[in-house]
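All remarks here apply to the structure that follows.
The values are calculated or read from the model by the stated rules, or taken from the named source; none is laboratory data. Quantities reported herein were computed from a predicted structural model and do not represent experimental measurements. Quick reminder, even Gly has a Cβ in these numbers, built from the backbone with ideal geometry, and neighbours come from all protein chains shown.
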């Protein structure tokens, strides 16, 4: 089975969130492992290492993909010459998938204590973690309205609005420039994350504007992210500034106009009221200590 096609699928996905991409990648690794079970061991290990590295470089801003790759490579590094690595790798990947499933349930419980009755919540872009939190808040009758913006150029906000409305939640969708106006009507803001790094929160472009608007209006703004979003401080810094196709913004710009189209930015943690994980609300200093303690496979090490 050619793993490059699996990597191409992940690379071409410009609308799914970090956890969704990590889930797709983990399932793809299990499928690849099933179809290559008879491959000579030394070839299998080399191919798996290449597959893992390819998955990470396909979406380098996504910390859950890094964690999947890191845990696969750590499993290979810890396997002795006498041991077959396939069962260990499969167990690691299956545990990763199970952990992803549990994470959103824990996040939803952790965030409920921050919500006032009948909360009016502002959010941005699409995040499976935020979706799970909002659905749980609605089920517990803690939610009265959600404000979200479209999140150009791929319009992930429309997807979030559609799924929330389908669950019976009142949603107002606006253009991205409406963030400041929406902030004035919200009780608090919740935003997801693709990576939590020592440099800040890597997420969809516009996250900084949301955080600044909330600070100006005196509205709490929390990052909602499970531990798989924590990017180890000792790893090479995740790349997130790659430019995307100009046609997504303007298909036929006039001569002299250069289109700048990037998906991600890094927002300082100090702009947020806190980071909510499965273990509750954390401040920047405590989170930085956790990032510095995360284990890293040898080949993924870099300068913090």
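Remarks
- Taken as a whole, region 143-153 holds at least one residue that is surrounded by fewer than 18 Cβ atoms within 10 Å (Cβ to Cβ), on the phi < 0 side of the Ramachandran plot and either touching a strand residue (DSSP E or B) at 6+ places or on another chain (Cβ under 7 Å) or in a helix (DSSP H, G or I) (or both).
- Filter pass, residue 228 being in contact (Cβ under 8 Å) with a residue 12 or more places away in the chain and buried (at least 21 other Cβ atoms within 10 Å of the Cβ): yes
- Count of region 202-228 residues, restricted to those that are assigned to a helix (DSSP H, G or I), touching a helix residue (DSSP H, G or I) at 6+ places or on another chain (Cβ under 8 Å) and at pLDDT 95 or above, is 10.
- When residue 72 is tested against the conditions (1) within 18 Å of the chain's Cα centre (by Cα); (2) surrounded by 22 or more Cβ atoms within 10 Å (Cβ to Cβ); (3) assigned by TED's automatic domain parsing to the domain that holds residue 19, the lone failure is (1).
- For residue 161, the criteria (1) closer than 27 Å to residue 52 by Cα; (2) part of a helix (DSSP H, G or I) hold in every case but one, which is (1).
- In the set 132, 110, only one residue is outside any strand (DSSP E or B), touching a helix residue (DSSP H, G or I) at 6+ places or on another chain (Cβ under 8 Å) and either in contact (Cβ under 8 Å) with a residue 12 or more places away in the chain or in the same structural domain as residue 45 (by TED's automatic domain parsing) (or both); that residue is 132.
- Of the candidates 282, 215, 301, the single residue that is in contact (Cβ under 8 Å) with a residue 40 or more places away in the chain, more than 30 Å from residue 78 (Cα to Cα) and in contact with a strand residue (DSSP E or B) (Cβ under 9 Å, 6 or more places away or on another chain) is 215.
- Checking each residue of region 237-245 against the condition of being within 28 Å of residue 99 (Cα to Cα), surrounded by 17 or more Cβ atoms within 10 Å (Cβ to Cβ) and in contact with a helix residue (DSSP H, G or I) (Cβ under 8 Å, 6 or more places away or on another chain) gives at least one match.
- Residue under evaluation residue 172, criteria (1) surrounded by fewer than 19 Cβ atoms within 10 Å (Cβ to Cβ); (2) touching a residue at least 40 places away in the same chain (Cβ under 8 Å), criterion not met: (2)
- Test: residue in region 39-51 that is surrounded by 19 or more Cβ atoms within 10 Å (Cβ to Cβ), touching a helix residue (DSSP H, G or I) at 6+ places or on another chain (Cβ under 8 Å) and within 29 Å of residue 126 (Cα to Cα): yes
- Selected residue [in the same structural domain as residue 243 (by TED's automatic domain parsing), in contact with a helix residue (DSSP H, G or I) (Cβ under 8 Å, 6 or more places away or on another chain) and in contact (Cβ under 8 Å) with a residue 60 or more places away in the chain] from 90, 159, 152, 120: 152
- Qualifying residue in region 128-135 (condition: surrounded by fewer than 16 Cβ atoms within 10 Å (Cβ to Cβ) and either over 23 Å from the mean Cα position of the chain (by Cα) or modelled with pLDDT of 95 or more (or both)): no
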